[in-house]
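All of the numbers you see were taken from the coordinates with simple rules; none came from a lab. Computed from a predicted structure; not experimentally measured. Quick reminder, even Gly has a Cβ in these numbers, built from the backbone with ideal geometry, and neighbours come from all protein chains shown.
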Amino acid sequence: MPAPMPISTVVPGAAAFSLALAFAGVIASCGGGGGDPPATGNTTTVSGGGGATPPPVAPTQSLFLGVQTHFGQSWEPALEPKLPAAGITDIRDELYWQVIEPTAGTFTFPSFYDTYMGALKKDGVDPLIEFDFENSNYDGGNTPYTDAGIAAYVRYTGAVLNRYGSQIHNVEIWNEYNGSFAKGPATNDRPGTYTKMLKAAYTSIKASRPDITVVGGSTAGVPLPYFDQMFTDGALDYMDAVSIHPYRYESPPEGIEAQVTGLQNLMASHGKVLPIWVTEIGWFLHTATAQGDITIDEPTQAKFLVRAYALLLSTGVKHIYWYVLRDDSSGPPLGLIADDANLTTRQSYSAMRTMIGKLRTATFAGRDASAANFYSMHFLDANKHDLRVLWSLSSQKITIPSGTAVVDLFDSTITPSGGQITVSDSPVYVSGAVSGLPTAETAYTSETESDSSFSLQQGKFGWSYGYFLGNSTQFTALTQTDLTDWRERWIGSDPYLSITSVDQHPSHRGKELVTAVRRWTSDFTGTIHVQAHFKVGTQGDGVRLRILADGQALYADQLSKQTSIARDFEFERKVRPGSTLDFAVDPGAAGDISYDATAVSVVIDRSSS
């Protein structure tokens, strides 16, 4: 994706992108900060920053179901009324440092900043303001890294809060610092330098505005190693919430909750669990390129939006921002609104409006026990009445009692036939009682997930990481690890051999194949239910996948763009202490390992009987 453009060449309204974590190769994460700021236009000038402000009016809603906008990049004013029209009262946007402080020590606010902030205030829209990016007056135009540069950044945050006062309740420190939106010497120690800046900004902001919620992190993906170093450096004491951008462009929303859980567990290990905000999430429209790939059309985008929000709400996340309100001409179509002269709304815009109307004042009460792949998210509305979001990855009928109302994504009434409705992958809202939810023949409790349980310690949570050599199924544990701001992984001496939380890359040693293997070992006697997903990219010659139990093959298949690039498995199996399950990826038949990175996701549940 393109890097941010120099200020002199910025096209107003253009968004920039940054690369995020690998998921079956490399996926793209939208940079909500959206590149460098546009030209300023007419301005008014003030000096200094900080200062006392009137106490803000606290929002009344319990959930914050918002969108990313780019009014700070000169989006046309005609877009702003689209927010209240959809019931959207929460946005994330920017007020750029370089624009506000073009000359060192003098803070200049362009008139279009005041115009868009004024329009938001008039319509009761609450902005989460991103404080970014670098300023050419400090640290050579790099991301601030010296004490002087960080102090200047802090003064800029104070100037913004002094200018807009009680209108601002929430601020976010930088955007995707672990990605392409940090440059210069700060990148030598991203988590350390970011934490230093976070501490300074938090301390200053809280001194004058203790009511402000300071959000930190704002990461591309959910990079646990990066967060671990931040938390070790004390970051948890200098923010009120942690923000992440858990994009899943190549897969459906299911599983996103495990990423949140992994971060919550990491915080718990550091002694403090802060609220998590998802300040960017979205799926762009595109057509499948091979069998096994997913097509994201308008109906699918709308379905994924509601499912993602419901899953995130189920983990305790209460602030979620879709990226983005309107398509940006420089990026893929992620918008609820098309980038055309008519500002044409998509189905996802209507789905957002319905979801906000149903869930904004609701409280999550729990996920109902049900069969695998059937989701019943139980909420209580503002009057403490039952409200559910239901969907199923395989269509199933359920009974709807008399007096219970059902509507679809777009708030259209669904009339039961014979007292039943069919629940599909398109969520429905059910107000009132339900009965006869499909349940599994055996009741299971969560045992482990390969993503959230990944570790650089062999055997932790039952998982080990290694390889098979040649035709052997003898497991050899990897001994080398690699840690970056993006990911943690096990690596070997053979080319490309690696295993991360989300993928596996096989290799070869001379003429012998080297199979990347993720192994789970049971420590109990019982029955398990296993769901495994494999997906390879379309650029290589494909891979072979295998699932083995105690060294014996249970399943094997080939993945390639000529056949299918994805395969799912679901099965039950009895285990005892020491039983093993191996999830293995071999190189393709032609032996080209250049594009063999394969997404591997495993969920293991344990029988509760």
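For LYS511, a cut-off of 17 angstrom between C-alpha atoms picks up no lysines at all, skipping any fewer than 8 places away in its own chain. Given only helices, namely DSSP H runs of n ≥ 4 each adding -39500 (n - 2.57), what is the per-residue ellipticity at 222 nm of the chain, to the nearest 500 deg cm²/dmol? After summing the helix terms and dividing by the residues of the chain, the value is -5500 deg cm²/dmol.
The long axis of helix 147-164 is offset from the longest Cα principal axis of the chain by roughly 70 degrees. Relative to the longest principal Cα axis of the chain, at what angle does helix 190-208 sit, 0 to 90 degrees, rounded to 10? Compared with the principal axis, the helix lies near 40 degrees. Relative contact order, whole percent, for the stretch 468-609 stands at 29, derived from Cα pairs under 8 Å and 6 or more residues apart. Residue by residue, the stretch 266-279 carries 3J(HN,Hα) couplings of 5, 4, 4, 5, 9, x, 8, 10, 8, x, 9, 10, 9, 8 Hz when phi is fed to the Karplus relation 6.51 cos²θ - 1.76 cosθ + 1.60 (θ = phi - 60°); x denotes Gly or Pro.
Taking amide H as placed 1.01 Å from N in the peptide plane, the amide H of THR399 sits under 5 Å from that of SER435, each at least 5 places away or on another chain. Angle of helix 347-359 to the longest C-alpha principal axis of the chain, folded into 0 to 90 degrees and rounded to 10: 90°. Modelled spin labels at SER136 and ALA290, positioned 7 Å past Cα toward Cβ, are 4.5 nm from each other. FRET efficiency for LYS384 and LEU343, Cβ-Cβ distance as r, R0 = 30 Å, nearest 0.05? With R0 = 30 Å, the Cβ-Cβ based efficiency is 0.20. The phi torsions of the stretch 523-532, fed into the Karplus equation with coefficients 6.51, -1.76 and 1.60 and a -60° offset, translate into couplings of 10, 8, 9, x, 10, 10, 10, 10, 10, 10 Hz, rounded to whole numbers, with Gly and Pro shown as x. Taking a straight Cα-Cα cut-off under 19 Å and skipping sequence neighbours fewer than 8 places away in the same chain, the lysines within cross-link reach of LYS183 are LYS196.
Placing unit charges on each Cβ (+1 for Lys and Arg, -1 for Asp and Glu) gives the chain a dipole about its Cα centre, and among GLY216, VAL99, TYR375 the Cα reaching farthest toward its positive end belongs to TYR375.
The H on the amide N of PHE133, modeled in the peptide plane, is under 5 Å from the matching H of TRP97, GLN98, each at least 5 residues off or on a different chain.
For the stretch 232-289, the Stokes-Einstein estimate of translational diffusion at 25 °C and a viscosity of 0.890 mPa s comes to 187 µm²/s, using the Kirkwood hydrodynamic radius over alpha-carbon pairs.
Under 29 Å of direct C-alpha separation, and excluding same-chain neighbours fewer than eight residues apart, LYS122 reaches these lysines: LYS82, LYS206, LYS318, LYS358. Between ILE276, TYR465, LEU437, the Cα set farthest toward the positive side of the dipole of the chain (charges on each charged residue's Cβ, about the Cα centre) is that of LEU437. Taking the Cα centre of the stretch 392-459 as reference, the dipole from Cβ charges on Lys and Arg (+1) and Asp and Glu (-1) amounts to some 280 debye. If only the Cβ of Lys and Arg carry +1 and only the Cβ of Asp and Glu carry -1, the dipole of the stretch 108-209 around its Cα centre is close to 300 debye. Using the average count of surrounding beta-carbon atoms within 10 Å as a protection proxy, the listed peptides 467-478, 498-509, 419-430 rank, highest first, as 498-509, 419-430, 467-478. Placing a label point 7 Å from the Cα of PHE410 along the Cα-to-Cβ line, no residue of the stretch 370-395 has its backbone N under 16 Å from it. Taking the charge dipole of the chain about its Cα centre, with +1 at Lys and Arg Cβ atoms and -1 at Asp and Glu Cβ atoms, the residue from HIS505, ASN142, GLY551 reaching farthest to the positive side is GLY551. Summarising the label geometry, the points placed 7 Å from Cα in the beta-carbon direction at SER435 and PHE569 lie 4.1 nm from one another. Only Lys, Arg, Asp and Glu carry charge here, each on its Cβ (+1 for the first two, -1 for the last two); on that basis the chain has a dipole of about 860 debye about its Cα centre. Fully extending the segment from ALA371 to ARG509, taken as 0.36 nm per residue of separation minus the present Cα-Cα distance, adds 45.3 nm. Can you pull the percent of Cα pairs in the stretch 123-179 with separation above 19 Å? Everything past 19 Å amounts to 34 percent.
If you take all C-alpha pairs in the stretch 190-243, what percent of them are over 17 Å apart?
More than 17 Å apart: 30 percent of the Cα pairs in the stretch 190-243.
For GLN68, the residues whose amide H sits under 5 Å from its own are ARG92, TRP322, TYR323, LEU325, ignoring neighbours fewer than 5 places away on the same chain, with H placed 1.01 Å from N.
Our summary gives the chain a relative contact order of 12 percent, counting only alpha carbon pairs under 8 angstrom and 6 or more residues apart.
Computed over all pairs of different Cα atoms, the Kirkwood value for the hydrodynamic radius of the chain is 25.4 Å. Our summary gives the stretch 166-287 a relative contact order of 26 percent, counting only alpha carbon pairs under 8 angstrom and 6 or more residues apart. Per-residue 3J(HN,Hα) values for the stretch 220-231, derived from phi via the Karplus relation 6.51 cos²θ - 1.76 cosθ + 1.60 with θ = phi - 60°, read 5, x, 10, x, 4, x, 4, 4, 4, 5, 4, 5 Hz in sequence order (x marks Gly and Pro).
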